[in-house]
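Heads up, the thing below is written out as structure tokens.
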Amino acid sequence: VTCVEVVEAYVERIREVNPLINAVVKDRFEEALQEARQVDKLLSESPGNDYLEEKFPLLGVPITIKEAFSVHGMPNTSGLVNRRNVIATSDATVVSRLKQAGAIPLGVTNCSELCMWYESSNRVYGRTNNPYDLQRIVGGSSGGEGGVLAAACSVIGVGSDIGGSIRMPAFFNGVFGHKPTTGVVPNDGQFPNARGVRTSFLCTGPMCRYAEDLEPMLRVMAGPGVNKLKLNEKVSLEKIKFHCMDHDGGSIFVSPVDKEILQAQKKVVEHLEGTLGVQVQRVAIHKMKYSFQIWSAMMSSKDSDGQEAQLFTDLLGDHGKPVWPLWELMKWLMGMSSHTLPAIALGLTEKLMKLNPRGNAKLVSMGKSLQEEMEALLGPDGVLLYPSHPTIAPRHHSPICMPFNFAYTAIFNVLGLPVTQCPLGLSSEGLPLGIQLVAASYNDHLTLAVARYLEQAFGGWILPGKV
């Protein structure tokens, strides 16, 4: 098939599905078709494809990109009303690298307001719906990306993750997502970008329907940074030391893990032990119970230079007047605020975090000690199996009742560990199940290899509506 035919097929699919899911918030179909024609011209004029394959590893591949990233000529609001007219004049570093590798962006996808909530809904673009059940969330903040991939509207996509923003959407939408080891893939060119201590927690990474696409995407996105990873090392699955933890130990802030998620994890353990002949070690890491508190304290801590973390209320104002969360709450109750309730609530809780500096310091220290414990447990050849989220894709608005359930993903951001989110079929209600695969720093190759293996064993992505 020609590149034009491929791009036309995806454009048609987006036009068919997007009115239902509202994942692509701005398209660039004309430009994409123009770029596809150039790819076909290049292929017809090129004497050999080996050279092209090396120079353009993603030649002609349609991609979508989270709207928080700058894509030349596309909006870059991050769902913030007072950025409604912001149009990117350049490409974020990862977008530029993907384009240079030959990928063709079809458009940008929805996120939560300022990328700090796990439902992708805002006052600029509205709400994105889960393709498996339109009454369910797609997750956040890279939720539009998760939904667009699950609905087969795109081949691969770009997400970012500071508390699970790649992995939750990948889980709720039954696709693959990878949060790389911290500091490997550049975060430049997204809004909001991390400052101070948060630069160690924010990760940009690949999302896709097929596990084998994670690694080539990661190589392109990381650029020279890929040398820090061991992606050329052959992985022998039988030699991996597998560890398994069913839940966080019973945090009072987080829902208990759903039975079907536990069952799916149990099937993975049984499969690994039965087929690979490995022994999966059950572990109970006590400090994981405090995941939410550790994440919150580390997110608001000072960096090594004593720089304060940027206040969320300053970001909400976006260089304008500071936002007063209590005043915004009053306006919201009267239907007059331009912000979403989760964003206002986050502004309020941020103020409360400042009231207990001694408690926060203790939690930061607990986080550092948990990081050492995890690195020691996983070592050079360990992979931890851990739930992606306590519940299967919740109904719209319900995250506000359990706002801290993202702790299951967030803890790994502050620990800096690589995590691959892997789908594991569908629940009794036809909603995606899945698991997080965690390794020690710079051992991304292990989790990627296990994800490819589990895709073969459990079927990977399943087209919504197929069952």
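Quick notes on this one:
- Flag for Glu372 being under 25 Å from Gly143 (Cβ atoms), in a helix (DSSP H, G or I) and open to solvent by 10 Å² or more (accessible area, probe 1.4 Å): no
Results for (1) over 26 Å from Glu372 (Cβ atoms); (2) open to solvent by 30 Å² or more (accessible area, probe 1.4 Å); (3) over 21 Å from the mean Cα position of the chain (by Cα), shown as yes or no for each residue.
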site	(1), (2), (3)
Glu260	yes, yes, yes
Lys267	yes, yes, yes
Glu273	yes, yes, yes
Val280	no, no, yes
Ile285	no, no, yes
Lys289	no, yes, yes
Ile294	no, no, no
Met298	no, no, no
Ser301	no, no, yes
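- The sole residue among Val108, Val138, Val158 that is in contact with a Gly (Cβ under 9 Å, 6 or more places away or on another chain), at pLDDT 95 or above and under 13 Å from Phe191 (Cβ atoms) is Val108.
- Restricted to segment 51-67, and to residues there that are hydrophobic (A, V, I, L, M, F, W, C) and open to solvent by 40 Å² or more (accessible area, probe 1.4 Å), the residue that is nearest to Arg37 (Cα to Cα) is Leu59.
- The residues on offer are Ser90, Ser44, Ser70, and the sole one that is open to solvent by 10 Å² or more (accessible area, probe 1.4 Å), in contact (Cβ under 8 Å) with a residue 60 or more places away in the chain, over 27 Å from Met168 (Cβ atoms) and out of contact with any Cys (no Cβ under 9 Å at 6 or more places or on another chain) is Ser90.
- Single residue of segment 198-244 satisfying the filter (β-branched (Val, Ile, Thr) and out of contact with any Leu (no Cβ under 8 Å at 6 or more places or on another chain)) that is most open to solvent (accessible area, probe 1.4 Å): Thr199
- Those residues of segment 185-205 which are over 16 Å from Val438 (Cα atoms) and assigned to a loop (DSSP other than H, G, I, E, B), in sequence order: Val185, Pro186, Asn187, Asp188, Gly189, Phe191, Pro192, Asn193, Ala194, Arg195, Leu202
- When Phe171 is tested against (1) part of a helix (DSSP H, G or I); (2) out of contact with any strand residue (DSSP E or B) (no Cβ under 7 Å at 6 or more places or on another chain), exactly one condition is not met: (2).
- Applying the criterion of at least 1 residues that are of a type in the set (Ser, Thr, Tyr), more than 13 Å from Leu385 (Cβ to Cβ) and in contact (Cβ under 8 Å) with a residue 60 or more places away in the chain to the helices (runs of 4 or more DSSP H) found wholly in segment 222-317 leaves 291-299.
- Evaluation of Leu437 against (1) of a type outside the set (Val, Ile, Thr); (2) modelled with pLDDT of 95 or more; (3) open to solvent by 30 Å² or more (accessible area, probe 1.4 Å) (one fails), failing number: (3)
- Counted residues, segment 386-425 - those being over 25 Å from Met217 (Cα atoms) and in a strand (DSSP E or B): 1
- Scoring Val81 on the criteria (1) under 25 Å from the mean Cα position of the chain (by Cα); (2) at pLDDT 95 or above leaves a single failure, condition (2).
Let's see how each residue does on (1) touching a Leu at 6+ places or on another chain (Cβ under 8 Å); (2) of a type in the set (Val, Ile, Thr); (3) at pLDDT 90 or above:
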residue	(1), (2), (3)
Val278	yes, yes, yes
Gln281	no, no, yes
Ile285	yes, yes, yes
Tyr290	yes, no, yes
Gln293	yes, no, yes
Met298	yes, no, yes
Asp303	no, no, no
Phe312	yes, no, no
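- Test result for Leu106, in a helix (DSSP H, G or I), surrounded by 18 or more Cβ atoms within 10 Å (Cβ to Cβ) and aliphatic (A, V, I, L, M): no
- Flag if Val383 is crowded, with 16+ Cβ neighbours inside 10 Å and not in a strand (DSSP E or B): no
- Filter result for the condition that a residue is open to solvent by less than 10 Å² (accessible area, probe 1.4 Å), β-branched (Val, Ile, Thr) and closer than 30 Å to Tyr442 by Cβ, over Ile166, Ile137, Ile162: Ile166
- Filter result for Ala457 (buried (at least 23 other Cβ atoms within 10 Å of the Cβ) and modelled with pLDDT of 95 or more): no
- Close contacts from segment 110-132, counting a first residue that is farther than 15 Å from Gly347 by Cα and a second that is of a type in the set (Lys, Arg) and open to solvent by less than 10 Å² (accessible area, probe 1.4 Å), with Cβ to Cβ under 9 Å and a gap of 6+ residues or different chains, come to Asn110/Lys66; Cys111/Lys66.
- Residues located in segment 9-26, provided they are open to solvent by less than 70 Å² (accessible area, probe 1.4 Å) and at negative phi: Ala9, Tyr10, Val11, Arg13, Ile14, Val17, Asn18, Ile21, Ala23, Val24, Val25
The values are calculated or read from the model by the stated rules, or taken from the named source; none is laboratory data. As the structure is a prediction and not an experimental result, all values here were calculated from the model. We place every Cβ from the backbone using ideal geometry, glycine too, and count neighbours over all the protein chains shown. Remember, those area values only see protein heavy atoms, side chains included, never the ligands or the DNA or RNA. Shrake-Rupley method; radii C 1.70, N 1.55, O 1.52, S 1.80 Å.
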